[in-house]
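Values quoted throughout were computed directly from the atomic coordinates according to the rules given, and no laboratory measurement underlies them. Everything numeric in this text was worked out from a predicted model, so none of it was measured. Every residue, glycine as well, gets a Cβ built from its backbone with ideal geometry; the counts of neighbours run over all protein chains shown.
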Amino acid sequence: MQTQDGIIAEQSGIPKQNYLTNGTTLKSWLLTKDHKRIAIMYLITVSLFFMAGGIYASAIRLELLTPPSDLLESGTYNKVFTQHGILMIFFFLIPSIPAVLGNFLLPIMIGAKDLALPRINLLSLYIYWIGGALTVWALLQGGVDTGWTFYTPYSTTFSNTYVMAVGLGIFINGFSSILTGLNFIVTVHTMRAPGMTWFRLPLFVWAQYATSLVMILGTPVIAITILLLAIERFAQVGIFDPSIGGDPILFQHLFWFYSHPAVYIMILPGMGVISELISNFSRKKIFGYEFIAFSSIAIAVFGFLVWGHHMFVSGQSIYAGLVFSFLTMVVAVPSAIKMFNWTATMYKGSILFETPMLYAIGFLGLFLIGGLTGLFLGSMGLVVHLTDTYFVVAHFHYVMVGGQVIAYLGGIHYWWPKMTGRMYSEFWGKISAMLVFIGFNLTFFPQFILGYLGMPRRYASYPEEMQVLNIFSTAGASVLGVGLIMPVVYLTQSLIAGKPAGDNPWMFPGLEWRTSSPPPTENFEVTPVVTWEAYEFSDENGLDIDEARRRQAVTTV
Amino acid sequence: MASHAENGKFHYHEPGLQHQFEDMGQQEESVSIGMWVFLVQEIMFFGGLFTAYLVFRSRFPLAFAEGSNHLDAFWGGLNTLVLIVSSLTMALTVYYAQRGNRNMQVIMILLTMAFGATFLGVKVIEYTDKYNSGLIPVTGWNKRANEAQPAVEERAGAVMPWETAVAAAESGSEKKKPYINPHGEFQWNYGRHVYDYAIEKEKSGKPYLTESERVGYFSNGVFDPNKYRDKIRIFYFIYFVMTGLHALHMIVGLGLMAWLLFVAWRGDFSALYYAPVEMSGLYWHFVDIVWIFLFPLLYLLGRHFLH
Amino acid sequence: MSDNHNEGHIGYPGYLGVFAVLVAGTLLTYWSSFLDLDAIFPGANTLLALLIAFTKMTCVMLFFMHVYWSPKLIWLSAIASFFWLAIMFAYTMQDYVTRGTGVF
């Protein structure tokens, strides 16, 4: 194909005019309305927060190498795990896939020029920065030691740390989440290209939609909870103080009303990415499209009914515990449906073991373990033994790191050529994927055993007989750390000297692969008209794979 | 700009159309869904406070009724009517914007703002009254008066249409007790009428106190006015947070109206383009709806106990 | 499209009518708060006040906020938000209501 100033699809090499080159001043980036640029800015910020949270994690694992609390004394250790939790949950996990991959890909996947409300998108980024800056400032001043859960009355009455500042930072950050969710919902409803019906949408879009529902329904409640917490801390009115008639359990109800759906905010986008990865890298149409789509919505809805399973032993009534326990079992069903569908997709597929697929397969195994152990924790009899032990820690790291982070890494690697126009080093990608998988299991599997043996969480010291398992865990953490730092190196290197990817380096049928890499600012030269179903690996959808392969072979250097 | 040149081609689009939309219909639909989603999250935001209200009222209904009796339902009711009128003028603003009638639009927006400001003015009156009476739940935030100072003259309650002035003055006589509050803490000087009423009713056999109340109001089996006061303080805390958050939304609403006034004055709105007016209207009506629920739940709790 | 906004709206008399209903509701709720309806069953006062408040809210939503003429998606959002509020209230209260009641 002849190159022109405009963008022609099926071109190899990086087009001269794309969203990255369209305006090179700082002002053009900071005042951009382009969802892709906003996604890149989110990517950088989110990665910084991930690294900060990772440093706290290293401090935790280093301290736990030895039984006594020798590296960090208890007060400091409290601050370290609290800040690890806050940074990772509120500033990395919750925004990661929606704000980075969702922002970048959602409009492209539905064939739109941009999100419905681009200025709201930019506002969302600014709010994220402001909330993050406030939190980082508070952490540098001395931090918080209440646990990321801010349980009262410790956080309101007794803690001598920067509870209000960090709370305010999280409060502000919540609005970033709400605005992103709002934008996605509106966009999916109104901005789909002609022919892009709901059931032709990629499952990534369905997952983002479900996540957005959770964001807008749940996040305001944590906002008001933090507000009440701040007022209580400031004015000592007593709504959470039992001696004056208040109820600390009320705080927990309001807190977990959001924070449980929050974990679905964290995992649903990851599941969306996995649907994309598994289907595409098996070169096979996804099994049970409608089931996966509706499961996403079901998880979003049912996720609001189970928050009490975080409060089994805190004083809520046993009847309420029964109801929440039963519903916890129910909410696992849609996730299980997805797992079965993904596995069935891989059956008789033509599997490409590229780096993103390695992450996806890792997800299947790790999320399975994480989800299953969540069911153990949801049964009231067992939870009395396991609550507040390392079993819980291992469970949520399996779903959050083994699930979400691995899905996020898989997604970043999968869409990296689209976002930057460059291919990364496949060799190093595979090595780091395997290091992450091995390191992760070595870190967190011993923690299941530790929890079962009774090691409490949030403790800086532990009995001597548990040291061996803790050493395994820390060793694993170092491997995991190496595996997580490596992408930073080779992905950055790819920006400088990576092989230019064509518009469709993987030969996949998705709409995002039918525009150039990186895409132009308005995403498509011509508004696409969609006539094919999602994940169709055949000629009728206009993607002549053999022809494209021939062209790629000829024009790529 | 209704038209511009782009890549050498001449583009025409409707006034106010943003670049990411194909046509005005898509923009209006998007903006409308966006505003409603925003209102949904605002509902959940206030919902957290309603949950706290629900929990505490179900545990301490008598204290809540007692506290509520000292909110002046007259001002609360007036505020409700003021907001309803402002909702009407807001709806009429949209009506006129749709017809491109600039002058009536501007008048209606000004009226809406006037009523909104009236609402806030009444809230100032109410909050000042609470300040003077020692009913703000934060220590140090109430008016301080010690014995050396003359007794503070309480504002007599507004005379109801069905009372004589003498009756009103007599019923408000308790409020004229000397007010002593050197540390500015929360004080409850208004007795325990609702509690007494409930105890009377209990004598006839029907249980009137909840489980929490049987524990919460008593020390060593005896009624403890300090513990009762603490529960009333929780009521006032919820009152201030809920009405305060509502007032904050009102202030934001006034800001929104000011911007709308400016744009309407310019004559930007017509049948082709009036979505900003409609969306601002949605926000304003939402604020009204929250007050519609706040009024009976906060102000009208315990009146029936007194008759 | 913008044309359907011009059809079906209730116009000036309609708005004034809804306004009258709202004012009547306010006066009714104010007046009934003085009656001791709890003699009928406990909580009757609150129930009546909430019913009136719901009616007023419905009037404002349907007619002032134009939900009556809006697409089904808007109806769904409005109803869903109340459903979610109900979830929050019900599941929180189920804890408080069942405390200290013997086995549960």
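Here the contact order of chain C, divided by its residue count and restricted to Cα pairs under 8 Å and six or more residues apart, works out to 25 percent.
In terms of packing, defined here as the mean over residues of other Cβ atoms within 10 angstrom, the peptides A:475-486, A:347-358, B:56-67 line up highest first as B:56-67, A:475-486, A:347-358. With a/c under 1.5 counting as rounded, go ahead and sort segment A:217-365 into rounded, prolate or oblate using the C-alpha gyration tensor (a ≥ b ≥ c being the square roots of the eigenvalues; past the cut-off, prolate if a/b is larger than b/c, else oblate). Prolate. Per residue, the average separation of C-alpha pairs within less than 8 Å and at least 6 apart gives chain A a relative contact order of 20 percent. Once the C-beta distance of A:Thr343 and C:Val97 is scaled by a Förster radius of 45 Å, the resulting FRET efficiency is 0.55 to the nearest 0.05. Listed by Cβ neighbour count within 10 Å, with the fewest neighbours leading, A:Ile496, C:Ile10 appear as A:Ile496, C:Ile10.
The calculated FRET efficiency for A:Lys16 paired with A:Leu71, based on their beta-carbon distance and R0 = 51 Å, is about 0.45.
Amide H to amide H, with H built 1.01 Å from N, A:Arg422 comes under 5 Å of A:Ala501, counting only residues 5 or more places away or on other chains.
Residues B:Ser87, C:Ser33, arranged from fewest to most other Cβ atoms within 10 angstrom of their Cβ, appear as C:Ser33, B:Ser87. Coupling constants for segment B:114-121 follow from the phi torsions by the Karplus curve (6.51 cos²θ - 1.76 cosθ + 1.60, θ = phi - 60°), and in residue order they are 4, 5, x, 5, 4, 3, 5, x Hz; glycine and proline get x. For segment A:337-382, the average shadow cast by the Cα convex hull is 3.7 nm², which is a quarter of the hull's surface. Under a plain spin-label model, where a point goes 7 Å from the Cα along Cα-to-Cβ, how far apart in nm are C:Ala39 and B:Thr118? Each label point lies 7 Å from its Cα, and together they span 3.7 nm. A simple spin-label model places pseudo-atoms 7 Å from Cα toward Cβ; at A:Glu525 and A:Leu48 they are separated by 3.8 nm.
Remark: segment C:3-70 projects, on average over all directions, an area of 5.0 nm² (convex hull of Cα atoms). How many percent of Cα pairs in the protein assembly as shown exceed 46 Å? Every Cα pair in the protein assembly as shown considered, those over 46 Å come to 34 percent. Let a ≥ b ≥ c be the square roots of the eigenvalues of the Cα gyration tensor of chain A; is it rounded (a/c under 1.5), or, if not, prolate (a/b larger than b/c) or oblate? Verdict is prolate for chain A.
Label-point separation (nm) for C:Trp69 and A:Thr24, each offset 7 Å from Cα along Cα-to-Cβ? Distance between the two pseudo-spin positions: 5.3 nm. The residue list A:His189, A:Leu31, A:Phe255 was ranked by how far each Cα lies along the charge dipole of the protein assembly as shown toward its positive end, using unit charges on Cβ atoms, and A:Leu31 comes out on top.
Relative to the longest principal axis of the Cα atoms of chain A, helix A:289-302 runs at roughly 30 degrees.
Just the number, please: percent antiparallel of the DSSP beta bridges in the protein assembly as shown, rounded to the nearest 5.
Of the beta bridges lying entirely in the protein assembly as shown, close to 100 percent run antiparallel.
Dipole magnitude for chain A: about 660 debye, using +1 per Lys or Arg Cβ and -1 per Asp or Glu Cβ, origin at the Cα centre.
Exposure proxy ranking for A:Phe537, B:Phe218, based on other Cβ atoms within 10 angstrom of each Cβ and starting from the fewest, stands as B:Phe218, A:Phe537.
Spatially, segment A:470-542 and segment A:292-338 are offset by 34 Å when compared through their Cα centroids.
Pop the C-beta distance of B:Ile107 and B:Phe74 into the FRET formula with R0 = 22 Å and round what comes out to the nearest 0.05. Provide the component values of the computation, followed by the final result.
Values: r = 29 Å, r/R0 = 1.32.
Efficiency at R0 = 22 Å is approximately 0.15.
Computed over segment A:270-345, the quotient of the alpha carbon radius of gyration and 2.2 N^0.38 Å is 1.37. Take each residue in A:214-225, count the other chain C-beta atoms within 10 Å of its C-beta, and the mean is 6.
The mean number of Cβ atoms from other chains found within 10 Å of a Cβ in peptide B:275-282 is 2, as a whole number.
Stokes-Einstein diffusion for segment A:335-422, with the hydrodynamic radius set to the Kirkwood value over Cα pairs and evaluated at 4 °C in a medium of 1.567 mPa s, equals 89 µm²/s. Taking the Cα centre of segment A:17-113 as origin and assigning +1 to Lys and Arg Cβ atoms and -1 to Asp and Glu Cβ atoms, the resulting dipole is close to 600 debye. Against chain A, whose longest principal axis is taken from its Cα atoms, helix A:203-235 shows a tilt of about 30°.
Our estimate of slack between A:His385 and A:Val330, defined as 0.36 nm per intervening residue step minus the Cα-Cα distance, is 17.6 nm. Only one residue of B:Phe305, C:Val18, B:Asn132 has its Cα farthest out toward the positive end of the dipole of the protein assembly as shown, where Lys and Arg carry +1 and Asp and Glu -1 on Cβ, and that residue is B:Asn132.
The spacing between segment A:428-459 and segment A:365-406, judged by their C-alpha centroids, is 12 Å. For A:Thr389, the residues whose amide H sits under 5 Å from its own are A:Arg457, ignoring neighbours fewer than 5 places away on the same chain, with H placed 1.01 Å from N.
Rounded to the nearest 10 degrees, the inclination of helix A:406-420 to the longest alpha-carbon principal axis of chain A is 30 degrees. Counting Cβ atoms of other protein chains within 10 Å of each residue's Cβ and taking the mean over peptide C:20-31 gives 4.
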